[in-house]
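Notes to accompany the following structure.
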Amino acid sequence: MAPRTLYDKIWDDHVVHQAEDGTCLLYIDRHLVHEVTSPQAFEGLRMTGRKVRAPEKTIAVPDHNVPTTVDRANAATMTEDSRIQVAALDKNAKDFGINYYPVSDVRQGIVHIVGPEQGWTLPGMTVVCGDSHTATHGAFGSLAHGIGTSEVEHVLATQTLIQRKGKNMKVEITGSLRPGVTAKDITLSVIGATGTAGGTGYVIEYCGQAIRELSMEGRMTVCNMAIEGGARAGLIAPDEKTFAYCMGRPHAPKGAKWEAALAYWKTLYTDEGAHFDKVITIKGEDIAPVVTWGTSPEDVLPITGVVPSPSDFTGGKVEAAQRSLDYMGLTPGQKLTDIAIDTVFIGSCTNGRIEDLRAAAAILKGKKIKVKRAMVVPGSGLVRAQAEEEGLAQIFIDAGFEWRLAGCSMCLAMNPDQLAPGERCAATSNRNFEGRQGRGGRTHLVSPGMAAAAAITGHLTDVRDMMGETV
Amino acid sequence: MDKFTTLTGIAAPMPLVNIDTDMIIPKQFLKTIQRSGLGKNLFDEMRYTLDGKEIPDFVLNQPAYRKAEIIVAGDNFGCGSSREHAPWALLDFGIRCVIATSFADIFYNNCFKNGILPVVLPQEAIDHLMDDARKGANARMTVDLESQTVTASDGKSFAFEVDAFKKHCLMNGLDDIGLTLEKAASIDSYEAKAATLRPWA
């Protein structure tokens, strides 16, 4: 057999049927569901009298709408339409008999954090969810991508998707990262290099020493933002770190099944000589802590840089850059470290895991915030509990952060956590689109350490300057 | 799903790159549990002031484009989230076709599930069609899926590519769940085989 990429191997093992024109029916091992993109799909099943084909492979959790304040058990903390949407998921999960983590469950959290945490996500699987950040699960060497609501209904009814195979793209990060540089800086730097459409039509495999050296949390951060680079899916070959993370999780295999799974998982790597349609190589030591200045995730610069001018760009990007500068209220030539910050948001499926909270707390320990408000929204109830146990929560609270319950929160601002018009935020989330965190809100995407540094100084700050003080 | 065969209509020019799904339909409108009714909030933050008044400069608020059925736009249309509310909002407004140099993957797929045709054309063609769209309501474009062409009001025609299966479904308004369920036997046998090869999954 010709050498195959990791993507080729997972794809081949999931083809149920291939039509003459190459259109495939692909089997789906895990279907994750949340409240926003599923109600119309369940309604479609009801209207056609169809059932969920594999309820045992379907996992639902409300995350986008839920308030993250500690009083959220009180229904009055939710708007009527949010309440209806969450109640619809409660009912659909019950009626169709799928796995469910309701708001009241300590395991509730952001769907892309809950899946791996509970051992639903395992190497070599196909994972889909009506959410573009499903790419996160690719960190386990699973083929994971977002789908629309019609496709959610299709997967619920058939446990398959109609797909054409994408192309293979390799993103290699060679060498090691320098101190203060994180997985978030890798993933943003890649998008900065390729543009937001650079990965369109591709599945990315991230590889190289710097990727291997990342923890599973870091790898999830990298894969999470594959979609911001245009790629539906990003993946990383599983290794001992992956297996160690999976072992003992509630839904991971045990005993003989674990041994069988492990033997299979060890075959999941790109063969020597396999073909990639596109290759990007970045030196790990060249990556600096980065920040976005504009309203597209490709608007990435090292924190040591200055706000660019529209004349630095060509084509449609000239007008886009001007529009971004106007929206962001920035002036070309302004030092990025001179940009004052009002709000700091630490959380999201990109950076809401325990390692992210540790990184932020390491910078914050013993300090006070200078921004108007700062909040930490753990990615799941279990992350929150662990952070409390490790004493991180107290560091955040002492610094002046709000210590919240789990949810998507200000990443997309569907719940009450929103920016006011003109309010400027350093956020560990994934999108800096116009209005993303609230109408008129201005978002700068950063790593957790950079977010913590900005919280202390009140302006965008090079986290490496703060590390000197904490070491 | 409504069929898409041919469409002659007004095209709205939106010469922006990276028109994302948060622009197309902001998050506060994703709380609906229905597919319909989103058209009034299409491009909400570009279309209305904070107190809900129309912004006259925005293309779809201009008299010539209020009944637009086609949008001509720049690179990477529909990037961002997987929300199918984006094509639902376009459709509910009356948009049946978006023409751009490139589309984000998930949005592109979502269009086909809702009777909307996304057309990819090279920059030169987009430039021509953008100019044509700027002429307003008297300049109608024709999009013909059968022949895979877009024809500007001056008669200049551009051929586009589309996946044969997607074209077939769109031209016939087919429900692809129904099509897949016809292959239930294949799914059964795949599951039986997978239960042996990968029993943990």
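The values are calculated or read from the model by the stated rules, or taken from the named source; none is laboratory data. In this text the structure is predicted, and so the values were computed from the model without any measurement. Ideal geometry is used to build each Cβ from the backbone, glycine not excepted, and the neighbour counts take in all protein chains shown. Remember, those area values only see protein heavy atoms, side chains included, never the ligands or the DNA or RNA. Shrake-Rupley method; radii C 1.70, N 1.55, O 1.52, S 1.80 Å.
Here's the yes/no breakdown for (1) within 14 Å of chain A (Cβ to nearest Cβ); (2) at pLDDT below 95; (3) in a loop (DSSP other than H, G, I, E, B); (4) under 12 Å from the mean Cα position of the chain (by Cα):
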position: B:N109; (1), (2), (3), (4): yes, no, no, yes
position: B:G115; (1), (2), (3), (4): yes, no, yes, yes
position: B:P118; (1), (2), (3), (4): yes, no, no, yes
position: B:E124; (1), (2), (3), (4): yes, no, no, no
position: B:L129; (1), (2), (3), (4): no, no, no, no
position: B:A133; (1), (2), (3), (4): no, no, no, no
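Residue by residue, here is whether (1) hydroxyl-bearing (S, T, Y); (2) open to solvent by 40 Å² or more (accessible area, probe 1.4 Å); (3) touching a strand residue (DSSP E or B) at 6+ places or on another chain (Cβ under 8 Å); (4) on the phi < 0 side of the Ramachandran plot holds:
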{"residue": "B:K113", "(1), (2), (3), (4)": "no, yes, no, yes"}
{"residue": "B:V119", "(1), (2), (3), (4)": "no, no, yes, yes"}
{"residue": "B:P122", "(1), (2), (3), (4)": "no, yes, no, yes"}
{"residue": "B:D127", "(1), (2), (3), (4)": "no, yes, no, yes"}
{"residue": "B:A133", "(1), (2), (3), (4)": "no, no, yes, yes"}
{"residue": "B:N138", "(1), (2), (3), (4)": "no, yes, no, yes"}
{"residue": "B:E146", "(1), (2), (3), (4)": "no, yes, yes, yes"}
{"residue": "B:S153", "(1), (2), (3), (4)": "yes, yes, yes, yes"}
{"residue": "B:F158", "(1), (2), (3), (4)": "no, no, yes, yes"}
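Among the residues of the stretch A:71-109, what is the count of those that are closer than 22 Å to A:A244 by Cα and within 14 Å of another protein chain (Cβ to nearest Cβ)?
Residues in the stretch A:71-109 being closer than 22 Å to A:A244 by Cα and within 14 Å of another protein chain (Cβ to nearest Cβ): 0 in total.
From A:A261, A:A256, which residue is open to solvent by less than 10 Å² (accessible area, probe 1.4 Å), more than 19 Å from the chain's Cα centre (by Cα), within 12 Å of chain B (Cβ to nearest Cβ) and not aromatic (F, W, Y)?
A:A261
Return a yes/no flag: does the stretch B:54-69 have any residue that is away from chain A (no Cβ under 11 Å), in contact with a strand residue (DSSP E or B) (Cβ under 7 Å, 6 or more places away or on another chain) and of a type in the set (F, W, Y).
For the stretch B:54-69, residues away from chain A (no Cβ under 11 Å), in contact with a strand residue (DSSP E or B) (Cβ under 7 Å, 6 or more places away or on another chain) and of a type in the set (F, W, Y): present.
Report yes if A:P238 is within 13 Å of A:S142 (Cα to Cα), open to solvent by 10 Å² or more (accessible area, probe 1.4 Å) and more than 10 Å from chain B (Cβ to nearest Cβ), otherwise no. Working first, answer last.
Numbers: within 13 Å of A:S142 (Cα to Cα): yes; open to solvent by 10 Å² or more (accessible area, probe 1.4 Å): yes; more than 10 Å from chain B (Cβ to nearest Cβ): yes.
Criteria met by A:P238.
Quick one: which residue in A:E153, A:E172 is over 16 Å from A:T23 (Cβ atoms), of a type in the set (D, E), open to solvent by 10 Å² or more (accessible area, probe 1.4 Å) and in a helix (DSSP H, G or I)? Talk me through it step by step, then tell me what you get.
Numbers: A:E172 fails: in a helix (DSSP H, G or I).
Sole residue among the options that is over 16 Å from A:T23 (Cβ atoms), of a type in the set (D, E), open to solvent by 10 Å² or more (accessible area, probe 1.4 Å) and in a helix (DSSP H, G or I): A:E153.
Here's a check for you: in the stretch A:305-331, which residue that is within 14 Å of chain B (Cβ to nearest Cβ) and among the β-branched types (V, I, T) is least open to solvent (accessible area, probe 1.4 Å)? Outline the logic, then answer.
Our first condition is that a residue be within 14 Å of chain B (Cβ to nearest Cβ); within the stretch A:305-331, this holds for A:310, A:313-324, A:326-327.
Then keep just the ones that are among the β-branched types (V, I, T); that gives A:314, A:318.
Values: A:T314: 115, A:V318: 54 Å².
Only one residue tops the list, namely A:V318.
Evaluate the stretch A:54-69: report whether one residue or more is within 9 Å of chain B (Cβ to nearest Cβ), without any contact (Cβ under 8 Å) to a residue 40 or more places away in the chain and not in a loop (DSSP other than H, G, I, E, B).
As a first pass, look at the stretch A:54-69 and keep what is within 9 Å of chain B (Cβ to nearest Cβ): A:54, A:57, A:64-65.
Checking the rest, the ones that are also without any contact (Cβ under 8 Å) to a residue 40 or more places away in the chain come to none.
Checked against the condition, which is being within 9 Å of chain B (Cβ to nearest Cβ), without any contact (Cβ under 8 Å) to a residue 40 or more places away in the chain and not in a loop (DSSP other than H, G, I, E, B), the stretch A:54-69 yields no hits at all.
I'd like to check something: does the stretch A:343-357 contain any residue that is crowded, with 24+ Cβ neighbours inside 10 Å, modelled with pLDDT of 95 or more and charged (D, E, K, R)? Spell out how you get there, then give the answer.
So the first thing to find is which residues in the stretch A:343-357 are crowded, with 24+ Cβ neighbours inside 10 Å, and the list is A:343-353, A:356-357.
Pick out the ones that are also modelled with pLDDT of 95 or more and you get A:343-353, A:356-357.
In the following step, the residues that additionally are charged (D, E, K, R) were identified as A:353, A:356.
Scanning the stretch A:343-357, I find at least one residue that is crowded, with 24+ Cβ neighbours inside 10 Å, modelled with pLDDT of 95 or more and charged (D, E, K, R), so the answer is yes.
If only one of A:H133, A:H145 is more than 7 Å from chain B (Cβ to nearest Cβ) and closer than 23 Å to A:R4 by Cα, which one is it? First the steps, then the outcome.
Details: A:H133 fails: closer than 23 Å to A:R4 by Cα.
Residue meeting the stated conditions: A:H145.
Can you tell me which residue is surrounded by the fewest Cβ atoms within 10 Å (Cβ to Cβ) among those in the stretch A:1-49 that are of a type in the set (V, I, T) and over 23 Å from the mean Cα position of the chain (by Cα)?
This residue is A:T48.
Determine whether the stretch A:398-405 contains at least one residue that is in a helix (DSSP H, G or I), in contact with a Leu (Cβ under 7 Å, 6 or more places away or on another chain) and open to solvent by 10 Å² or more (accessible area, probe 1.4 Å).
Residues of the stretch A:398-405 in a helix (DSSP H, G or I): A:398-399.
Those left that are additionally in contact with a Leu (Cβ under 7 Å, 6 or more places away or on another chain): A:399.
Okay, now just the ones that are also open to solvent by 10 Å² or more (accessible area, probe 1.4 Å), so none.
No, the stretch A:398-405 has no match at all.
Here is a list: A:T196, A:T267, A:T221. Which entry is touching a Ser or Thr at 6+ places or on another chain (Cβ under 8 Å) and either within 10 Å of chain B (Cβ to nearest Cβ) or more than 28 Å from A:Y101 (Cα to Cα) (or both)?
Exactly one of A:T196, A:T267, A:T221 is touching a Ser or Thr at 6+ places or on another chain (Cβ under 8 Å) and either within 10 Å of chain B (Cβ to nearest Cβ) or more than 28 Å from A:Y101 (Cα to Cα) (or both), namely A:T196.
Give the number of residues within the stretch B:157-188 that are within 9 Å of another protein chain (Cβ to nearest Cβ) and assigned to a loop (DSSP other than H, G, I, E, B).
Adding up the residues that qualify gives 3.
Of the residues that sit in the stretch A:422-461 and are part of a strand (DSSP E or B) and open to solvent by less than 10 Å² (accessible area, probe 1.4 Å), which one is farthest from the other protein chains (Cβ to nearest Cβ)? I'd like the intermediate steps shown before the answer.
Just the residues of the stretch A:422-461 that are part of a strand (DSSP E or B), to begin with: A:424-427, A:442-445, A:459.
If we keep only those that are open to solvent by less than 10 Å² (accessible area, probe 1.4 Å) too, we end up with A:425-427, A:443-445.
Values: A:C425: 15, A:A426: 19, A:A427: 14, A:T443: 11, A:H444: 16, A:L445: 14 Å.
Of everything passing the filter in the stretch A:422-461, A:A426 is farthest from the other protein chains (Cβ to nearest Cβ).
Quick check on the stretch B:75-86. Is at least one of its residues facing another protein chain (nearest Cβ under 8 Å) and either touching a His at 6+ places or on another chain (Cβ under 6 Å) or open to solvent by 30 Å² or more (accessible area, probe 1.4 Å) (or both)?
So far as the stretch B:75-86 goes, yes, one or more of its residues are facing another protein chain (nearest Cβ under 8 Å) and either touching a His at 6+ places or on another chain (Cβ under 6 Å) or open to solvent by 30 Å² or more (accessible area, probe 1.4 Å) (or both).
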